[in-house]
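Peer 1: First the structure, which I've put down as structure tokens, then a few questions once you've had a look.
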Amino acid sequence: MSLPSLFDEARFRAHVDEALGIARRALRASVGERLAVAAAVDHRYDDKYALVEAAANVALASQLTALAELGLTDSKLTQVRSWSAARRAVVLSFGVEETCQFVREVKREVESAHKHVSSKKNVVTGRSTTTTHSVVRTEITYEWRYEYRYQLRVVCGGGSSSVTLRERSAHTTLTTSAKRNPRSDKHVAVPIEVDVSHLFEQIVDEQPPVFGFTIDRRDAKCHTPRRNANTSATHRYHIDVFKFCERAANQIHQLASIDTHEHTRDLTSATTSAAVSVALPVLPVFDRSNAAAAVAATAAAPAAAAATMTTTAATTTTTTTTTAATTSVVAADGDSGGVGTAIVAAAVRGAGGRSSSGRGSAKGHHKKGAGGGVLPPCALPDADTIGVLLREQRHSLREALQKLGARSHMPRADNVQRLATVSEFQLVTVLRHVQRIASAFHEAVQYAEHMLYKQLQDAIGKLLTSADFDDYMRFHSRRVLAPAYAPRPCAYALRRDGHCTEGVVSIEKLLTNQPVLTLVRERRVQAGATADEGAMTFALGTSTSATFTGKHYIHALLTQRFGSDRAPKLRLHARARHYSSFALLIGTIQSASSFAPTFGVVLRNRDELQLPLWLDMLPPPKEFKAKVKSLSPEQQRFANAYRSMQLSGTLFAVLLVELKPQLETVLGLPVDALAKELELSEQLFELLSAYRVPSDVLAYDAAVDIDVKPTDTAGKIEAVRQHAAAVEAMLERERRRVVKEHEQKEKLTAAEHKFRNLATSGGGSAGEKYYDDENEDGCDYSDDYDDDDDGSESLS
């Protein structure tokens, strides 16, 4: 059994409706009809904080009620409170000690159920006698005295002192067929403990104890009624208590399972049904009348000053009414005092005043608000209603425990010869009830957060994703930032001035297929610039490097994700137009003047490349410093040095190079000479890329092409075309030669194959003319044979 991690609204509404039904039976009809689940009542945002605060205070008061039923008397509570006031830890501990000692060996004769009957007849007298034979075996058993003792205590930190809430010891006789201890000679289990300091730290008044849990809304880390330090601490406390009760109940079940009496079989079902029958006062509900008054008071305030005066008067009135209601509840209960009376008032006063100023006196909690002023009335039920719910919880808990004691065949608690008595049944029932209290608070906190989530979703009209947030940031940037500084889509068309686009390169999100928005800074590096002037270089090989200038763009990408979402998946998308070409290099920036490519590709004639980009998240500087501050000096130096290496290689870079201008340069042609020579350009690219023809073989050479003037662009292009044609002619001749050699090899292979077949079959003469069945043309191979002098034939 564990607390659900995900909020199930249907299950939650079923639990609340059931608890509301029990509460309405205890309340007056007019009051019960005013109570409704919080989402069904018009309220303010501040009421959600009040709802969580009230749920926490009522849950703590309910747990104190349960501890009172287990033995936490007034004197014990005072002692525990003194430990808490001294800032010492308070621990609830459940310990078990077991012993199992050998008693005696028991021997007894056991007659077998099978019997052998024989009869004899006297031949003289004629009488018959019948004899019955049976097998008797000796059975040896061993008896052990098993005894356990458990204690439920509240222990002061360090174990210096403690108060016992409940303890019991019992023993029974265990029988075994072998002389082997069925348990252990002595076993002291590790105590099951939970820190309950939080429970007693929230008590702000001693007589009667008043719980003052509040949420500090002025804290910068307070985001919602659930997402803040105060609620998180209380939530962790209830989770720990839930686990403690589960482990302690399981321990008692294991002890009771040793008892073989029939009543122990009903321990699980009886205690579960008894715990479910107890009323739960932890209800995330609002009072319709109070909510309407609170909303009206807030809407009627004409100005900030007038609103402050109005809320001050309203809060003072509410405080007075709450105190009076508390007194009337205690008096109506008819108790003479003690922990039970104090518990009735515990959550009532905490609900009447809502503070964000942290811990303080009871009066301070009734008056101070989130900004230091006074809060208006809230939508919570009034003090009378909460007091009735707490009394109903205590009454139903006592009634459930009494019914367990009245069960037939239920051993009394003073029966030391029974391991499972009414005391164990009642203890497990109280533990299960405390679990239900913790679960109710857990669901109430989840419900408050779910209300915010649902209301925001309904207000916007859809479930927001990170893609929707990207759309909002794009809209926000257009409104706030100047066009020169607004984020721009990371998509660039590769184009020279006065020319058409060669291709498009973009970085996109995989889910939306849209370019990401980046903050961009552009710088232009003039041709012929040095490294100090912005030119950058990259290595083409071990001894060759290239320098590039032109337009340089520096991008900054800001991504966001929701909760446990993974980092956004990006891809590099590059597309080349028809009759266009460019080279794409991907790498990292090593320094201000050095680019280190790790991947390169040439895109031509509508080629398309989609390359996924995996993002490795590095811890931010603040988190990195927090993680290394406790390391040794040597480890810190190593971590800092390694992080420097990581950061130096994390600047992702993409280099785009148009190939046609570079081709014109290496071929000795003027600028834009190949702009309109599409066929020649494709031919040159094919020769250079597919056949690896050296560029100087194709280039214009003034020493060779002496008929072409240096200023004759057309003549230079024609010279390059002739060089390309000569290379094509040479390649064509080479292709024909290769094809002819291949055909000759195929013919020779076929001839050898057929010769082997003839030699194997022994038919026909080796020199006769024969035809290939698969070829209509006859192949005469007789000239390939010569007659030797001895008449033998050989292959020449």
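The values are calculated or read from the model by the stated rules, or taken from the named source; none is laboratory data. Quick caveat, the model's predicted, so the values are computed rather than measured. When we count neighbours, we look across all protein chains shown, and the Cβ atoms used for this are built from the backbone with ideal geometry, even at glycine. Side chains are part of the model used for accessible areas, which takes the heavy atoms of the whole protein and leaves out ligands, DNA and RNA. Shrake-Rupley method; radii C 1.70, N 1.55, O 1.52, S 1.80 Å.
Peer 1: Once a ≥ b ≥ c are taken as the square roots of the eigenvalues of the Cα gyration tensor of the stretch 76-152, is the result rounded (a/c under 1.5), prolate (a/b larger than b/c) or oblate (a/b not larger than b/c)?
Peer 2: Because a/c hits 1.5 or more and a/b exceeds b/c, the stretch 76-152 counts as prolate.
Peer 1: Moving on. In debye, nearest 20, what is the charge dipole magnitude of the stretch 672-771 about its Cα centre with +1 on Lys and Arg Cβ and -1 on Asp and Glu Cβ, if you could check?
Peer 2: Approximately 840 debye in magnitude.
Peer 1: Using the Cβ atoms and a cut-off under 13 Å, what net charge is assigned to the surroundings of Val154, where Lys and Arg are +1 and Asp and Glu are -1?
Peer 2: +2
Peer 1: I've got another one for you. Per residue, how much accessible area does the stretch 556-601 show when a 1.4 Å probe rolls over the protein heavy atoms, in square angstrom?
Peer 2: Result: 55 Å² of accessible area for each residue.
Peer 1: A follow-up question, please. Taking the Cα centre of the stretch 584-648 as the origin, how large is its charge dipole in debye, to the nearest 20, when only Lys and Arg (+1) and Asp and Glu (-1) carry charge on their Cβ atoms?
Peer 2: Charge dipole of the stretch 584-648: 300 debye, to the nearest 20.
Peer 1: Assuming 0.36 nm per residue, please report the length gained on full extension of the stretch Asp616 to Ala714 beyond their Cα-Cα distance.
Peer 2: Extending this stretch completely gives an extra 29.9 nm.
Peer 1: According to the square roots a ≥ b ≥ c of the eigenvalues of the Cα gyration tensor, what is the shape class of the stretch 558-607, taking rounded for a/c under 1.5, prolate for a/b larger than b/c otherwise, and oblate for the remainder?
Peer 2: It is oblate, given that a/c is not under 1.5 and a/b is not larger than b/c.
Peer 1: Can you pull the percent of the stretch 166-287's accessible area that's carbon plus sulfur, 1.4 Å probe, other chains left in place?
Peer 2: Here it works out to 45 percent.
Peer 1: Still on this structure, please answer the following. Taking +1 at the Cβ of each Lys and Arg and -1 at the Cβ of each Asp and Glu, which of Ile239, Ser273, Thr260 sits farthest along the dipole of the stretch 231-283 towards its positive end, judged by Cα position relative to the Cα centre?
Peer 2: Ile239
Peer 1: Keeping all protein chains in place, calculate the accessible area per residue for the stretch 1-150 (probe 1.4 angstrom), answer in Å².
Peer 2: Accessible area per residue: 56 Å².
Peer 1: How large is the accessible surface per residue of the stretch 624-726, computed with a 1.4 Å probe and reported in Å² as a whole number?
Peer 2: With the other protein chains kept in place, the stretch 624-726 gives 62 Å² per residue.
Peer 1: Starting from the Cα gyration tensor of the stretch 510-637, take the square roots of the eigenvalues, sort them a ≥ b ≥ c, and report rounded, prolate or oblate (rounded when a/c is under 1.5, otherwise prolate if a/b is larger than b/c, else oblate). Spell out each step's value before the answer.
Peer 2: Details: a/c = 2.16, a/b = 1.32, b/c = 1.63.
Here the stretch 510-637 falls in the oblate category.
Peer 1: Starting from the Cα-Cα distance between Asn181 and Tyr485, subtract it from 0.36 nm times their residue separation and give me the gain in nm to one decimal.
Peer 2: 101.2 nm
Peer 1: Hey, another quick one. With all protein chains present, how much of the accessible area of the stretch 381-458 (probe radius 1.4 Å) comes from carbon and sulfur, to the nearest whole percent?
Peer 2: Solvent-exposed carbon and sulfur of the stretch 381-458 make up 49 percent of the total.
Peer 1: Within the stretch 174-216, which trypsin sites (Lys or Arg not before Pro) sit in a loop by DSSP and count at most 12 neighbouring Cβ atoms inside 10 Å? Can you show the working numbers first?
Peer 2: Details: sites: Lys179, Arg180, Arg183, Lys186; in loops: Lys179, Arg180, Arg183.
Qualifying residues, ordered by number: Lys179, Arg180.
Peer 1: Still on this model: Using packing as a proxy for protection, rank 610-618, 424-432 so that the peptide with the highest average count of other Cβ atoms within 10 Å comes first.
Peer 2: So the order, starting with the most tightly packed, is 424-432, 610-618.
Peer 1: Using Cα positions and a limit of under 19 Å, work out the lysines in reach of Lys179, with same-chain residues fewer than 8 apart set aside.
Peer 2: Lys107
Peer 1: Report, ordered by chain and residue number, the lysines lying within cross-link reach of Lys747, taken as a straight Cα distance under 19 Å and ignoring same-chain residues fewer than 8 apart.
Peer 2: Lys769
Peer 1: Sticking with this one: Please compute the net charge surrounding Tyr237, taking Lys and Arg as +1 and Asp and Glu as -1 over other residues with Cβ under 12 Å from its Cβ. Before the final figure, lay out each step's value.
Peer 2: Numbers: positive: Arg236, Lys243; negative: Asp195, Glu201, Asp240.
Combined, the nearby Lys, Arg, Asp and Glu give -1.
Peer 1: While we're looking at this one, here's another question. Heavy-atom accessible area of Arg218 with all protein chains present, probe 1.4 Å, nearest 10 Å²?
Peer 2: Approximately 140 Å² of Arg218 is accessible to the 1.4 Å probe.
Peer 1: By a straight-distance test (C-alpha under 24 Å), which lysines pair with Lys221 as possible cross-link partners, with residues fewer than eight away in the same chain excluded?
Peer 2: Within the straight-line limit of under 24 Å, Lys221 reaches these lysines: Lys48, Lys367, Lys368, Lys454, Lys622, Lys625, Lys627, Lys629.
Peer 1: Right, another one. Restricting to DSSP loop positions (anything but H, G, I, E, B) with no more than 15 other Cβ atoms inside 10 Å of their own Cβ, which trypsin sites (Lys or Arg not before Pro) remain in the stretch 1-76? Could the numbers behind the result be given before it?
Peer 2: Numbers: sites: Arg11, Arg13, Arg24, Arg25, Arg28, Arg34, Arg44, Lys48, Lys76; in loops: Arg28, Arg44.
When the trypsin sites (Lys or Arg not before Pro) of the stretch 1-76 are filtered for loop state and at most 15 Cβ neighbours within 10 Å, Arg28 remain.
Peer 1: For the stretch 479-628, which whole percent of the accessible surface, found with a 1.4 angstrom probe, sits on carbon and sulfur atoms?
Peer 2: Carbon with sulfur: 54 percent of the solvent-accessible area.
Peer 1: Rg over Rh of the stretch 8-125, using C-alpha atoms and the Kirkwood radius, what does it come to?
Peer 2: Reported Rg/Rh, Kirkwood definition of Rh: 1.49.
Peer 1: Going by accessible area, probe 1.4 Å, with all protein chains left in place, what is the ranking of Tyr150, Tyr700, largest first?
Peer 2: My answer, sorted largest first, is Tyr700, Tyr150.
Peer 1: Between beta-carbons, use under 14 Å as the cut-off and find the net charge around Arg577, counting Lys and Arg +1, Asp and Glu -1. Mind dumping the intermediate values first?
Peer 2: Numbers: positive: Arg495, Arg496, Arg575, Arg604, Arg606, Lys660; negative: Glu502, Asp607, Glu608, Glu658, Glu682.
That works out to +1.
Peer 1: Multiply the residue separation of Glu167 and Ala36 by 0.36 nm, subtract the distance between their alpha-carbon atoms, and state the gained length in nm to one decimal.
Peer 2: 43.0 nm
Peer 1: Describe numerically, in nm with one decimal, the distance between label points set 7 Å from Cα along Cα→Cβ at Asn250 and at Lys740.
Peer 2: Here the answer is 8.9 nm between the modelled labels.
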